[in-house]
Every structure is written in C-alpha cells, then in structure tokens.
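First comes the structure, then the notes that go with it.
The values are calculated or read from the model by the stated rules, or taken from the named source; none is laboratory data. Values in this document were obtained by computation on a predicted structure and should not be read as measured data. Please note: Cβ atoms are built from the backbone with ideal geometry, for glycine as well, and neighbour counts cover all protein chains shown.
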C-alpha cells in the first residue's frame, strides 16, 4: 500500500506518507466492490493553445523542456496522455486566424503553418511521455464569411450552404495534423455553441448541431476517417437537454460518439449522471475547465475546486479530463481579448520561473495514478468526504479521497484483499495505491 497526500495545513504536495500516523476517533468506512465496474478511462491532459506554446518560447530551451516534463513525464510529471487543440484561432491565440485565405471556398490555400509551435510542443510532449498524445480538436468559429453575422466574434450562425465546405475543412485539418505525426482521436462540433462571446464564437442550437453532425459524419466516412464526434462541448447545466435533442434525430445519432462538457456552471453533476443514464451507449468527456479571472497564485480553494469537479464527474461516468491552457504567463495570458485565466502552471517569464498552482497537485492525484484503461469500481462511504476508486490495467487499485472539512478522519477501506486504514487530514486530498 502506498499513500500520497496533498494538504493545506501541513503544506504537503503529492507527498508520500511514510511515518505511522495517529488516527482520530472520527471514522469513515469506505467499502469497495470490485465486481461492480463502470466506465473505462481514456486519460488526463490539457489544451495546447497558441498562448501556451508562445509562453514556452519566451524562456530558455532548458526551462521550456523542464516545463513540458512537469506535465508529461510519466514518473516525475503528471503523466498526461491526452490534449486539446483549437481548429485555427481561439481567445487564447495571439489573435484570430484561419488556415485559409479569406473567401477561399475551394480550401486550396489551406495550411497549418501557423500552428507549427503548437505541433512542436505536442511532439516534444510525446517524446517526454514516451507515447502518442491523443488530441481532441474543437473549432471556436467557422471562417467569418461562412456565418450569418460575417464576423469571427459575437456568435453568429453557420450558414447551411457552407455545411459541406466547413466539414471539408475539418478533414483537411485532421489529415494535415496526422501528416505531422499528431493523432486527432476526436473532434467536437463547436466550442461552447450557446455562447456569443466577444471572442471567436458561433451559435448552434440543437437543430443546427444535428444538421451539421450528419454532414460531418458522412464526410468523415467518405474520407475513411474514424475520429469520434462529440456534441455540446459546453457547460453541464444544459448537457442533458442538448444531448437528448440532438439524439432525437436518429440519423444524427449514428454519428455522435458522445457528449463533451465544461464546468463553468454551478457544479451540476446530476446533469452528467442523467446524460449517462439516458444514453448509456454514448460516451462522456470533460473537455475544458479553469479558474477564471487571472492567475490566483497559491489559493488552496482552487485546488479543491479541481479535485471536487474531477472526482464527481468521474463518479458519473466521465471518461477523461482535459484542463484548459497548459501554460499561462504571469498575468494569465496572453489572451487577445483580455479574457485572463489561471492555469495549473504559470510561466513567470522574466524570472524564467515555473510556478505550480494548487490545481497542479490536485490534478496529479488523479492523472499520475489512474492510468489509461483503468476501470471505475463501486465505492460507498460517508457523504462528508468525496471518494472514488479504480482498478488499473496492472491490477493495482487507485483510491482518491478528498476532505474539505476542517477535521481529520480515520478511513477504513474494505472490499479488497485486506483492510487498509489511512488518515485523511483536514483540507486534504489523498491517493491510495493498493
């Protein structure tokens, strides 16, 4: 048995617990049932935005390599194995951009040359992780002239006459990335399709999304592509209704692999559960979350937000976790519309310092120990704490317990070959490997 812990009051950060500890009287019984299994895990990762790639080009090669290892090294890093990219520009690009010349409906000018720093970052991550990083790709907007508002920003809708051209654009993107040695395993139809943002955005209602999914799915078939297509790619609070409305179109449903979702809501985990229960043959993937409004250096509560969200979504059949930007600078950017955010790692550029936020450690309690191919097993316990358990492909078990209370608990874990007792400190997260 191995116990790894991060805690607020003792300043532990993914520390291996070595010393025998004194246990409080307050006891929680955690019962595992390895015969009752749930979803299989794809993995954990973050977004290879242009801002992230740019920030690493602002520091020395040595520090850049160190920063990449901090996420992707399978032993000394977080063991990330998946990632996300935007199909051309997003708000965390240095500006809005396309892969084609304006008004080129033939797509003859298509080029991903602008993305080369992103591609270089992915390839370096693959070298460090000693595996192919599986990439999910999402567009923030179609080219502006393909939309009814003739603008990349503030929403607008894709004009139906451009459905096929836009689907062909996806195909060109996938093939161009694959020629560079990047595996695009999945796409989403549209990032946040119900948000008309001051940055790159586009609105799809459920009928729009069903309409385009049919075109995109058929186009993939015609080109021999087998990428998974996820719908929604927006907040939990509406994911069940959107999934239901799109899948009511039986032809569209054939092409929908599952529902992607974000966390910018009020932690409505029941929506994730409802979606799985209504459509158990479809899949769920968390594709974006971050702490908004700047860096938030050192705030412990943000780590807890990460742990609580990751754990509860996994309990409700989510199959993987994709954080937002991998690397932001001192102010939470760059972002070309000043939509500054926090990241698990900030690059303090002028000092060439790699700064780890609490979110980094909380993610690590999952990503380092719950391996691709792990299967969730049933766990039952006290509602005072958050908990989850997995069986890894190597037959080890990974159990995560998050304690947001201001008191310690003695945890008695049963259901495996032997009973295990561990200390869950106040305001801590623990991973137990058995």
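Taking (1) under 25 Å from residue 340 (Cβ atoms); (2) exposed (fewer than 15 other Cβ atoms within 10 Å of the Cβ) in turn, residue 151 satisfies each apart from (2).
Quick grid of which residues meet (1) in contact with a strand residue (DSSP E or B) (Cβ under 7 Å, 6 or more places away or on another chain); (2) at pLDDT 95 or above; (3) outside any helix (DSSP H, G or I):
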position	(1), (2), (3)
215	no, yes, no
226	no, yes, yes
229	yes, yes, yes
234	yes, yes, yes
237	no, yes, no
240	no, yes, no
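Considering 251, 178, 245, the condition of being in contact with a helix residue (DSSP H, G or I) (Cβ under 8 Å, 6 or more places away or on another chain), loosely packed, with under 15 Cβ neighbours inside 10 Å, assigned to a helix (DSSP H, G or I) and at negative phi is satisfied by 251 alone. The residues on offer are 256, 272, and the sole one that is part of a helix (DSSP H, G or I) and touching a helix residue (DSSP H, G or I) at 6+ places or on another chain (Cβ under 8 Å) is 272. Residue 67 meets all of the listed conditions (1) under 20 Å from the mean Cα position of the chain (by Cα); (2) at positive phi but one, namely (2). When the residues of the stretch 46-59 are filtered to those that are touching a helix residue (DSSP H, G or I) at 6+ places or on another chain (Cβ under 8 Å) and within 20 Å of residue 78 (Cα to Cα), the one that is surrounded by the most Cβ atoms within 10 Å (Cβ to Cβ) is 46.
When each of 390, 386 is tested for being in the same structural domain as residue 27 (by TED's automatic domain parsing), over 13 Å from residue 30 (Cβ atoms) and in contact (Cβ under 8 Å) with a residue 60 or more places away in the chain, the lone residue that passes is 390.
Of 26, 65, all but one fail to be touching a strand residue (DSSP E or B) at 6+ places or on another chain (Cβ under 8 Å), surrounded by 13 or more Cβ atoms within 10 Å (Cβ to Cβ) and touching a residue at least 40 places away in the same chain (Cβ under 8 Å); the exception is 26.
Pairs, please: C-beta under 8 Å, at least 6 apart or cross-chain, first residue touching a residue at least 60 places away in the same chain (Cβ under 8 Å) and at positive phi and in the stretch 2-20, second in a loop (DSSP other than H, G, I, E, B) and surrounded by 17 or more Cβ atoms within 10 Å (Cβ to Cβ)? Partner pairs satisfying both residue conditions: 14/368. Among residues of the stretch 230-256 that are assigned by TED's automatic domain parsing to the domain that holds residue 219 and in contact (Cβ under 8 Å) with a residue 60 or more places away in the chain, those with a beta-carbon under 6 Å from a residue that is outside any strand (DSSP E or B) and buried (at least 24 other Cβ atoms within 10 Å of the Cβ) at least six positions away or on a different chain give the pairs 233/191.
Of all the residues in the stretch 362-380, those that are buried (at least 22 other Cβ atoms within 10 Å of the Cβ) and either assigned to a helix (DSSP H, G or I) or at positive phi (or both) number 6.
Residues in the stretch 281-303 that are assigned to a helix (DSSP H, G or I) and crowded, with 22+ Cβ neighbours inside 10 Å: 303 only. Checked against (1) at pLDDT 95 or above; (2) not in a helix (DSSP H, G or I), residue 266 passes all but condition (1).
Looking across the stretch 341-355 at every residue that is part of a strand (DSSP E or B) and within 18 Å of the chain's Cα centre (by Cα), the one that is surrounded by the most Cβ atoms within 10 Å (Cβ to Cβ) is identified as 346.
Considering each residue of the stretch 92-112 in turn, at least one proves to be surrounded by 20 or more Cβ atoms within 10 Å (Cβ to Cβ), within 23 Å of residue 352 (Cα to Cα) and within 23 Å of the chain's Cα centre (by Cα).
When residue 222 is tested against (1) touching a residue at least 24 places away in the same chain (Cβ under 8 Å); (2) more than 21 Å from residue 41 (Cα to Cα); (3) surrounded by fewer than 22 Cβ atoms within 10 Å (Cβ to Cβ), only condition (1) is not met.
Flag: residue 80 does not match the condition of being surrounded by fewer than 22 Cβ atoms within 10 Å (Cβ to Cβ), assigned to a loop (DSSP other than H, G, I, E, B) and in contact with a helix residue (DSSP H, G or I) (Cβ under 7 Å, 6 or more places away or on another chain). Of 404, 418, 412, all but one fail to be assigned by TED's automatic domain parsing to the domain that holds residue 11, in contact with a helix residue (DSSP H, G or I) (Cβ under 6 Å, 6 or more places away or on another chain) and surrounded by fewer than 19 Cβ atoms within 10 Å (Cβ to Cβ); the exception is 404. Within the stretch 1-45, the only residue that satisfies the criterion of being more than 26 Å from residue 352 (Cβ to Cβ), assigned to a loop (DSSP other than H, G, I, E, B) and touching a helix residue (DSSP H, G or I) at 6+ places or on another chain (Cβ under 7 Å) is 8. Only one entry in 4, 18, 31 is surrounded by fewer than 18 Cβ atoms within 10 Å (Cβ to Cβ) and over 15 Å from residue 390 (Cα atoms), namely 18. Filtering the stretch 104-146 to residues that are in contact with a helix residue (DSSP H, G or I) (Cβ under 6 Å, 6 or more places away or on another chain) and free of Cβ contacts under 8 Å to residues at least 40 places away in the same chain leaves only 146.
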